[in-house]
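S.K.: For reference, the structure I am asking about is given below.
The values are calculated or read from the model by the stated rules, or taken from the named source; none is laboratory data. Quantities reported herein were computed from a predicted structural model and do not represent experimental measurements. Here the Cβ is made from the backbone with ideal geometry for all residues, glycine too, and neighbour counts use every protein chain on show. Just so you know, the surface numbers come from the protein's heavy atoms only, side chains and all, with ligands and any DNA or RNA stripped out. Shrake-Rupley method; radii C 1.70, N 1.55, O 1.52, S 1.80 Å.
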Amino acid sequence: ISAVLAEPLVYRDRLLGVISVEHERGEGRFSAQDQELLTLLADQAAIAIENARLFRAEHGRREQLEAIRAVSTEITQELDLARVLSMVARRACELTGATAADIDLWDPERELLVSEASHGHSVPRPATVRRLGEGAMGTVARQRCGLILNDYRSSPLAHPATLAHTKITASLVEPLMCRDALLGVIGVDHE
């Protein structure tokens, strides 16, 4: 390489990358006019790159929404609660790429979360009950707001029984709500 001309690829003050052109043989040189042209190209390229990324993200999002619609259709056709919960746990793993899932349902009379369905754990999760605020599942039930624990084993929200009986390393937990009423909690995990 005997000469290099480079320009940043910037979209709305965000750096996307760099474009460079080189002369490899001989004594090629770049001029100020070459730089102006490359700057114009870089500006257009940045817009094209961002559009392609948005399209790819939107296409991926559409595929996810279609998968969720298909799961919803499949679930609504099943009337047996145990099978519905098992199906939801399995499909939650498929949709998120998780290795395991658990569903605890809210028992309003006893005011407890009761373990009802589990899928994919390398070691079976023990059937447990949890109070509001107990462990990650209980915390999500109390706050009615999902959470991500990417270091589950060192999290203060990790439930001791779950730590002792599973190999969970990361967990995503969401409340199951219907018309502002808590139905339960679903958690998907990586082991």
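S.K.: Assuming 0.36 nm per residue, please report the length gained on full extension of the stretch SER122 to HIS190 beyond their Cα-Cα distance.
M.R.: 23.4 nm
S.K.: Per residue, how much accessible surface does the chain expose to a 1.4 Å probe? Answer in Å², no decimals.
M.R.: For the chain, the per-residue accessible area is 63 Å².
S.K.: Let me check I've understood the local charge: for ALA101, count other residues with C-beta under 12 angstrom from its C-beta, Lys and Arg +1, Asp and Glu -1. What total comes out?
M.R.: Combined, the nearby Lys, Arg, Asp and Glu give -4.
S.K.: Something else: Whenever you get a sec, compute what percent of the accessible area on the range 94-149 sits on carbon and sulfur atoms (1.4 Å probe).
M.R.: The C+S portion of the solvent-accessible surface of the range 94-149 is 51 percent.
S.K.: If you don't mind, another one. Provide the packing ranking of 41-54, 132-145, 10-23, i.e. peptides ordered by the mean count of other C-beta atoms within 10 Å per residue, highest first.
M.R.: Output ranking for 41-54, 132-145, 10-23: 132-145, 41-54, 10-23.
S.K.: At a Förster radius of 25 Å, what calculated FRET efficiency corresponds to the Cβ-Cβ distance of LEU37 and ILE1, to the nearest 0.05?
M.R.: 0.80
S.K.: Also, quick follow-up: Is there a quick way to get the dipole size of the chain? I mean about its Cα centre, with the Cβ of Lys and Arg at +1 and of Asp and Glu at -1; what is the value in debye to the nearest 20?
M.R.: Result for the chain is approximately 480 debye, rounded to the nearest 20.
S.K.: Hey, rough spin-label estimate for SER154 and ARG62, points 7 angstrom out along Cα→Cβ, what's it come to in nanometres?
M.R.: For the pair SER154/ARG62, the computed spacing is 4.2 nm.
S.K.: Using only the alpha-carbon atoms, how far is helix 81-96 inclined from the longest principal axis of the chain? Give it as 0 to 90 degrees, nearest 10.
M.R.: It is inclined by approximately 20 degrees.
S.K.: Right, next: Considering the options VAL21, LEU5, SER122, tell which one lies farthest towards the positive end of the dipole of the chain, charges being +1 on Lys and Arg and -1 on Asp and Glu at the Cβ, about the Cα centre.
M.R.: Towards the positive end, the residue furthest out is SER122.
S.K.: For ARG83 and LEU147 in one chain, what is 0.36 nm times their gap in residues minus the Cα-Cα distance, to one decimal in nm?
M.R.: Gain in length upon complete extension: 20.4 nm.
S.K.: Using only C-alpha atoms and all pairs of different ones, pull out the Kirkwood radius for the chain in Å with one decimal.
M.R.: With all distinct Cα pairs of the chain included, I get 20.4 Å.
S.K.: Another question, then. Compute the label zone of ALA48 within the range 1-37: residues whose backbone N is under 18 Å from the point 7 Å along Cα-to-Cβ.
M.R.: Output list for this probe position: 6-12, 16-22, 35-37.
S.K.: For Cα pairs less than 8 Å apart in space and 6+ apart in sequence, what is the mean separation divided by the residue count of the range 85-131, i.e. the relative contact order in percent?
M.R.: 33
S.K.: What is the dipole size for the range 94-187, taken about its Cα centre, with +1 at each Lys and Arg Cβ and -1 at each Asp and Glu Cβ, in debye to the nearest 20?
M.R.: My answer is approximately 220 debye.
S.K.: State the Cα centre-to-centre distance between the range 69-141 and the range 176-191 in whole Å.
M.R.: Between the Cα centres of the range 69-141 and the range 176-191 lies a distance of 7 Å.
S.K.: Shifting gears a bit: When only Cα pairs under 8 Å and 6 or more residues apart are kept, what is the percent relative contact order across the range 66-191?
M.R.: Relative contact order, the range 66-191: 24 percent.
S.K.: Next question, about the same structure. Calculated from DSSP H runs of 4 or more alone, at -39500 (n - 2.57) each and per residue, what is the 222 nm mean residue ellipticity of the chain, nearest 500?
M.R.: Dividing the helical sum by the residues of the chain leaves -13500 deg cm²/dmol.
S.K.: How many nm is it between the label spots at ALA181 and THR73, if each spot is 7 Å from the Cα in line with the beta carbon?
M.R.: 2.9
S.K.: Quick one: which residues, 5+ away or cross-chain, put their amide H under 5 Å from the amide H of LEU9? H built at 1.01 Å from N.
M.R.: Correct list: LEU16, GLY17, VAL18, ILE19.
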